[in-house]
Amino acid sequence: MESGVYIITEMVHFGGFFQGDTVGLSVRPLDDPESVRTVTIDDGAWENLRDKHDLAPGMALELEVSHDEVTAASVLGSPDLEALRRAIVERDISPSPNLRAIAYRCNACGLWIAREPVASDGGYGCAICGNPLSAAGRA
């Protein structure tokens, strides 16, 4: 099983044969801009997507792939905060009253990230690339 972060480069189709419950995307690994592949993702594989029609080029996805089939998918980030808010089902933060942000901006990735940052050298780092985060850029 392979898991990784991919960037959407193109929307290929919504629905499959007879308008099925899938979305087809051209994606590239975060760390390899030249390696583009097309994936088809069933609606049931999404963990936090509100509506597949809100997906857009430039968004970051975490995909779990087994035998060329996407078995789990999550929206991780977007260059546009409003597009990210439309695309994802916001997580419940009620058990953590100190958590105020649904996303933060990573200057290294150029994305708003909808995942908890990681602890990094006395501060926090981006959950995607690990680079240190500044206090600015939270939503």
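Brief remarks follow.
- Exposure proxy ranking, count of Cβ atoms within 10 Å, fewest first, for SER78, SER26: SER26, SER78
- Peptide packing: for 52-60, 120-128, the average count of neighbouring Cβ atoms within 10 Å per residue gives the ranking 52-60, 120-128, highest mean first.
- Database remark: amide H of SER120 closer than 5 angstrom to the amide H of GLY125 (H placed geometrically; neighbours at sequence offset of 5 or more, or on other chains; Pro and chain starts carry no H).
- Förster radius 22 Å - calculated FRET efficiency between ARG86 and GLU64, Cβ distance, rounded to 0.05: 0.40
- Between VAL12 and VAL118, the contour length at 0.36 nm per residue exceeds the alpha carbon distance by 34.9 nm.
- Cβ-Cβ FRET estimate between ASP31 and HIS53, R0 fixed at 25 Å, reported to 0.05: 0.35
- Residues ASP32, ASP43, arranged from fewest to most other Cβ atoms within 10 angstrom of their Cβ, appear as ASP32, ASP43.
Laboratory data are not the source of any read-out in this text; all were calculated from the coordinates shown. For clarity, every value in this text was computed on a predicted model and none was experimentally measured. Positions of Cβ are backbone-derived with ideal geometry, glycine not excepted, and every protein chain shown enters the neighbour counts.
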